[in-house]
1. Using only Cα atoms, find the angle between the long axis of helix 2-13 and the longest principal axis of the chain, and express it within 0 to 90 degrees, rounded to the nearest 10.
2. Once ligands and nucleic acids are excluded and a 1.4 Å probe is used, how much of Leu127 is accessible, expressed in Å² to the nearest 10?
3. Per residue, how much accessible area does the stretch 28-88 show when a 1.4 Å probe rolls over the protein heavy atoms, in square angstrom?
4. Along the positive direction of the dipole of the chain (beta-carbon charges: Lys, Arg +1; Asp, Glu -1; about the Cα centre), which of Leu87, Leu110, Leu130 reaches farthest?
5. Which lysines, on any chain, are close to Lys31 with Cα under 25 Å apart, when same-chain ones fewer than 8 places away are left out?
6. Using unit Cβ charges (K, R positive; D, E negative) and no other charged atoms, how large, in debye to the nearest 20, is the dipole of the chain about its Cα centre?
7. All other residues with a Cβ under 12 Å from the Cβ of Arg89 taken together, and with Lys, Arg as +1 and Asp, Glu as -1, what is their net charge?
8. Given points 7 Å out from each Cα along the Cα-Cβ axis, report the Val85 to Ser222 separation in nanometres with one decimal.
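The values are calculated or read from the model by the stated rules, or taken from the named source; none is laboratory data. Predicted model only: the values in this text are computed from it and were never measured. Here the Cβ is made from the backbone with ideal geometry for all residues, glycine too, and neighbour counts use every protein chain on show. Calculation scope for accessible area: heavy atoms of the full protein, side chains included, ligands and nucleic acids excluded. Shrake-Rupley method; radii C 1.70, N 1.55, O 1.52, S 1.80 Å.
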Amino acid sequence: MAASLIRLHFHDCFVNGCDASVLLDGSDSEKFAAPNRNSARGFEVIDAIKTAVERQCSGVVSCADILAIAARDSVLLSGGPTWKVLLGRRDGLVANQTGANALPSPFEGLNILTAKFAAVGLNITDLVSLSGGAHTIGLAKCAFFSNRLSNFSGTGAPDATMDTSLVSELRSLCANGDGNNTAPLDRNSIDLFDNHYFQNLINNKGLLSSDQILYSSDEAKSTTKSLVESYSSNSNLFFANFVNSMIKMGNVSPLTGTNGEIRKNCRAVNSLTEI
C-alpha cells in the first residue's frame, strides 16, 4: 500500500493545501474526481491508523498529519530515506472536487505540469524529484498510459519515446480494452524506493507520458533532462532532493492555530456538538 499512501498525501496537498480534504466523504468528495475515482486507495489504512491514535490520545493528531507521516514511513519501509515530518496541521472542513479534477495529469505536457507545481510553490527540482519518488514504486492502470501504445497524439503510431519492446508488452497487457489492468511504474524495480526510475527514463522505459517527458521532450532539454541524468547516476542526490521536496510539499497552505479542526473521523467533519 506504500505507493498509494504517498499518492494520497500528494493528492491532498495539491488541493486546498495539506488539510486531509482528500479523505472526506460526501457529494463533493475528492474521491470521485477523475484523478482519484477507482484509483486512489489506502483510505481504510488511514482509518485504522486514526482509530488507533484516537484511542491513545483523542483529538490531538490531525488526519492531515497522519497522511504526512504515513507517506514518510511508506518511503522508509520501501527502502528510501527518512526525514523529520513537521507537525501541527489541522484538518479542513470542506472537500474540493473541482480542484481535485485539476490535479497534475499523466496526459499533460511539461509546461502545464510545471505551472501546476509552481501554483503551489514547487519548482522544477520538486517536479522531478517528486515524480521519481511517487513512481519508483507502485502500479498504474492501462487507462493512464494506453494512449501511448497506438495513434499517439494522432500520429497513427505509438509514442516514439517509448521503447518498442515495452510497447509490445503493454499492448498485450491492455489488449482487451480493460483499462483496469496494471503495469509497474518502475519496470524491473517495482517495490524498491531507488533511483532506477530515472534510469528507465534514459532508456525510454518510462510508463506514463508525464514521466518520459521529463527526459525526452523538447521542453526538457533546458529544464528537467539534466536533473533526470543526475539522479540516474547519483541516488544520494535524488534522496536528498526528494526529502527537501516532500517537506516543501507537506507545507503547502497548512491550516494551523484555530483554523480547521482535528477530525475524530477522517471521513467526516466533526459535528457541532463535538467542536
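1. 70 degrees
2. Its accessible surface works out to 0 Å², give or take rounding.
3. With the other protein chains kept in place, the stretch 28-88 gives 48 Å² per residue.
4. The residue sitting farthest along the positive end of the dipole is Leu87.
5. Lys50, Lys116, Lys141, Lys248, Lys264
6. My answer is approximately 160 debye.
7. Overall, the nearby charge balance is -3.
8. Output for this residue pair reads 4.0 nm.
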